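Here's the structure we're looking at; comments come further down.
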Amino acid sequence: MPPVPTEPPAAADAPVRRRPRGRTTLIIAAAALLGISGGAAVGYGIQAERAPTPLAALSQPGLGYPAKPLSADRAPAPLPVAQDRRVRTDGDLRKLLVDRPKGAKKTITDELGLDDGWQPLDQYAETYYDDPHFMFESLSELDLRRVASVAWRQGEYRETGVQLLQFRSGDRHGAAEHFGDQLMYMPWDKDGAGNPGDPIKGSREGRYFLYPVERKAGYLPSYRARALAVRGDIVLDINVFDTVPIGKKDIRTLAERQLERL
């Protein structure tokens with residue numbers, strides 16, 4: 001039988017276990033977090049039970065929104081087609097093009113029966129841009145949906161083309177991007193008008209431009225005017241060519257007439 005110790009070992013000889021560091025701090029932090037979360041939850045619950053506080057009345061009467069007549073059950077009735085742009089522009093876009101002026105003749109393409117009011121993208125790029133391949137790729141990347149077009153001839157040499165370029169809805173706002181790109185290069189690029197243009201009435205950013213005359217030996221002088229504007233998912237692009245100077249009023253009035261139909 002082993003001997004029994006008469007006295008317990010000294011306290012100094014017993015192994016000492018250290019208390020883990022940070023445990024108390026973590027417990028206090030967790031309790032504080034629960035307190036904050038609980039308080040927030042109670043606050044949201046109280047707020048949810050309260051009746052909504054009405055907003056102050058607008059101080060500007062008669063805001064220019066389309067009329068929304070109420071139906072018999074006091075629910076807002078659908079907008080009339082005349083006031084709903086989306087209904088109009090998603091329909092036959094050709095019906096929104098301006099009419100040919102009285103006395104104006106069809107272009108050669110019309111006379112051959114090749115123009116039904118829809119213009120292929122490659123034809124549009126080939127007609128109005130010095131680098132049609134680049135423009136074809138650029139407009140395709142911007143998800144161009146369709147181009148509605150009307151053109152006419154007046155006098156011996158004046159030719160006018162009006163195009164409505166409609167872009168699909170997606171991650172990129174194709175209409176705004178194309179419009180912005182065109183406005184950016186117009187004042188300074190060699191293919192642009194070389195001036196900032198003038199504002200079009202009825203459009204916040206739309207502008208019309210007169211190009212400097214182009215002269216080549218053996219050819220009549222060439223004058224050009226252009227108008228650009230954007231309305232929703234549609235870019236308006238008007239071009240006028242002639243062998244005599246084009247007045248600002250001619251391009252400005254035509255652009256304003258077309259915008260009124262959009």
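A few comments on the model shown:
- Among the residues of segment 133-151, those that are part of a strand (DSSP E or B) and surrounded by 19 or more Cβ atoms within 10 Å (Cβ to Cβ) comprise LEU144, VAL147, ALA148, SER149, VAL150, ALA151.
- When the criteria are applied in full, GLU260 fails the requirement of being touching a Phe, Trp or Tyr at 6+ places or on another chain (Cβ under 8 Å), more than 22 Å from ARG158 (Cα to Cα) and exposed (fewer than 14 other Cβ atoms within 10 Å of the Cβ).
- If you check TRP118, TRP188 for being farther than 23 Å from SER222 by Cβ, surrounded by fewer than 14 Cβ atoms within 10 Å (Cβ to Cβ) and out of contact with any Leu (no Cβ under 6 Å at 6 or more places or on another chain), only one passes: TRP118.
- For segment 156-191, a residue qualifies if it is in contact (Cβ under 8 Å) with a residue 40 or more places away in the chain and among the small types (Gly, Ala, Ser), and the qualifying residues are GLY161, SER169, GLY174, ALA175, ALA176.
- Of the criteria (1) in contact with a strand residue (DSSP E or B) (Cβ under 8 Å, 6 or more places away or on another chain); (2) at pLDDT below 90, which one GLY103 fails: (2)
Listed here are the residues, each with its yes/no results for (1) more than 19 Å from the chain's Cα centre (by Cα); (2) within 23 Å of ASP131 (Cα to Cα).
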{"residue": "THR160", "(1), (2)": "yes, yes"}
{"residue": "GLY170", "(1), (2)": "no, no"}
{"residue": "LEU183", "(1), (2)": "no, yes"}
{"residue": "TRP188", "(1), (2)": "yes, yes"}
{"residue": "ASP191", "(1), (2)": "yes, yes"}
{"residue": "SER203", "(1), (2)": "no, no"}
{"residue": "TYR208", "(1), (2)": "yes, yes"}
{"residue": "PRO212", "(1), (2)": "yes, yes"}
{"residue": "LYS248", "(1), (2)": "yes, no"}
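- Qualifying positions in segment 193-245 - part of a loop (DSSP other than H, G, I, E, B) and crowded, with 18+ Cβ neighbours inside 10 Å: ALA193, GLY197, ILE200, SER203, GLY206, TYR211, ASP233
The values are calculated or read from the model by the stated rules, or taken from the named source; none is laboratory data. All of these numbers come straight from a predicted model, not from anything done at the bench. Here Cβ is always computed from backbone atoms with ideal geometry, including for glycine, and neighbour counts include all displayed protein chains.
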